[in-house]
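The values are calculated or read from the model by the stated rules, or taken from the named source; none is laboratory data. In this text the structure is predicted, and so the values were computed from the model without any measurement. Cβ: placed from backbone, ideal geometry, glycine included. Neighbour counts: every protein chain shown. Side chains included, ligands, DNA and RNA excluded: accessible areas come from the protein's heavy atoms. Shrake-Rupley method; radii C 1.70, N 1.55, O 1.52, S 1.80 Å.
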Amino acid sequence: MRVNTRFAAAAAGAAVLALGLTACGGDDSSDTSSGDGGSSGDSAGEVEVFTWWAAGSEKAGLDALVGVFNEQHPDTEFINGAVAGGAGSAAKDLLQSRLQTNDPPDTFQAHAGAELQDYISAGQIEDVSDLYDEFGLTEAFPADLVDRLTVDGKIYSIPSNIHRANVVWANPTVLEDAGLDPAATYDSMDDWFTALDAVEESGVTALSVATTWTQVNLLETVLLADLGAEGYNGLWDGSTDWEGAEVTGALEDFEKLMGYTNTDRDGLDWPDATQQVIDGQAGFNVMGDWAEAAFAEAGKSSPADYTYFPVPGTDGVFDFLADSFTLPVGAPHPDGAKNWLETVGSADGQAAFNKAKGSIPANTESDTSDFSEYQKTAIDSFSQDTIVSSLAHGAAVPVATLNDISDATSKFTTGASDLAGYQSELAAAVNG
Ligand code: GAL
């Protein structure tokens, strides 16, 4: 396996490279015009695109991509197969049952890294290496990212974006009212606790959070802050002891952070938690940078209406995830899917999509000159920082492991387990 420096501990799902193999995936019906057995019409006549970008700023991002798709492929009808629920919390289960009953969509969203590996191992997605040549994409994407989409020299999806998961979003008015400098950033969790205390004392929710997956997103950033990038990476490659004192300390900080959060959290999804910061009902929110799109959609501008900074203790580290699009085995409209994949990978498609989505293009040829100030900081950070894999968003661990971590986290944050029990369950989830 090639080990690259910036994505170094790419973890359990890291691609195994066996360069030199030729793509030989299943049936390639790219030349057909009459569809395959599952389709009654033109294989390029439509494409069902399965995502979880069903509403709000996420749908706005998808709509921007569809706009470019309609220009590039006017004869392929876009069918929106989006299933609501942040981070695919509902979509992934539904997708799995569709795949298992041989009822795949024409293309679906999957995270680069361990999650994609799941679909590859299960034989559920096709090798799309040929499309990289056909669309001229081979040089367009960072090699490290393509490694995460690759197994045995075959590339299994086309990335649409790069998101950062370790960002704090803040409401400057709330902070000022609590006697804090809204331009301040915090070096460590301890520094941040002092600020969180001040916001709490001012009578406003100090830290907004939502349902379980957002709590796991918060957890991963605390692990990263307290263990550092190397220690965090070690959680996924076995070199950091899940039962050790360092992890205990991080879980204590996580518990403390959860103590600052809104009590209605389990009934909310991420847009609600971010909205609390937008509306001045909460001081801070830890959220991936899809939140940037929610601020933009609400007509807010930074720094007057919101500020952002890396989660305290994680400056210089980019907690990475990337969405990508696949060609499922047995897709009813493989030519429609190919058209979609072409737009997804294209410089124009990525510019339009990412500008609206808060993320940054994976295609390095996209024009980002009109991107927001936040997005420009993300582009810089991605090029300079240490990059680690997101836990909550499919990069670090397979779906089954993430499900077990999520269950353990939900038990802990609803009071059904204590910290020691939580730590053991996390260790068991990862170590098996
Ligand atoms: C992530 C996904 C992002 C964003 C977020 C919230 O898993 O990669 O694109 O949609 O969930 O739903």
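Across the stretch 105-185, the relative contact order, built from alpha-carbon pairs under 8 Å that are at least six residues apart, equals 26 percent.
For residue 101 and residue 241, FRET efficiency with R0 = 45 Å and r from the beta-carbon atoms, rounded to 0.05? The pair residue 241/residue 101 has a calculated efficiency of 0.65. Sorting 185-193, 241-249 by their mean Cβ neighbour count within 10 Å, with the most densely packed peptide first, gives 185-193, 241-249. Solvent-accessible area of the chain (1.4 angstrom probe, protein heavy atoms only): carbon and sulfur portion equals 46 percent. Annotation: per residue accessible area for the chain equals 37 Å², rounded to a whole number [probe 1.4 Å, protein chains only].
Close amide-amide hydrogen proximity is noted between residue 155 and 128, 129, each under 5 Å apart and 5 or more residues distant or on a separate chain (H modeled in the peptide plane; Pro and chain starts excluded). The charge dipole of the stretch 131-216, taken about its Cα centre with unit charges on the Cβ atoms of Lys, Arg (+1), Asp and Glu (-1) only, comes to about 420 debye. Put simply, when 69-75, 82-88 are sorted by average Cβ atoms within 10 angstrom per residue, most first, you get 82-88, 69-75.
Per-residue 3J(HN,Hα) values for the stretch 299-306, derived from phi via the Karplus relation 6.51 cos²θ - 1.76 cosθ + 1.60 with θ = phi - 60°, read x, 8, 10, 9, x, 5, 9, 7 Hz in sequence order (x marks Gly and Pro).
With the helix formula -39500 (n - 2.57) applied to DSSP H stretches of n ≥ 4, the chain reaches a computed 222 nm mean residue ellipticity of -13000 deg cm²/dmol.
A cut-off under 13 angstrom between Cβ atoms defines the neighbours of residue 368, and their net charge, with Lys, Arg +1 and Asp, Glu -1, is -3. Normalised by 2.2 N^0.38 Å, where N is the number of residues, the alpha-carbon radius of gyration of the stretch 51-117 equals 1.19. Counting only lysines at least 8 places from residue 376 when in the same chain, those with an alpha carbon closer than 28 Å to its own are 59, 300, 355, 357.
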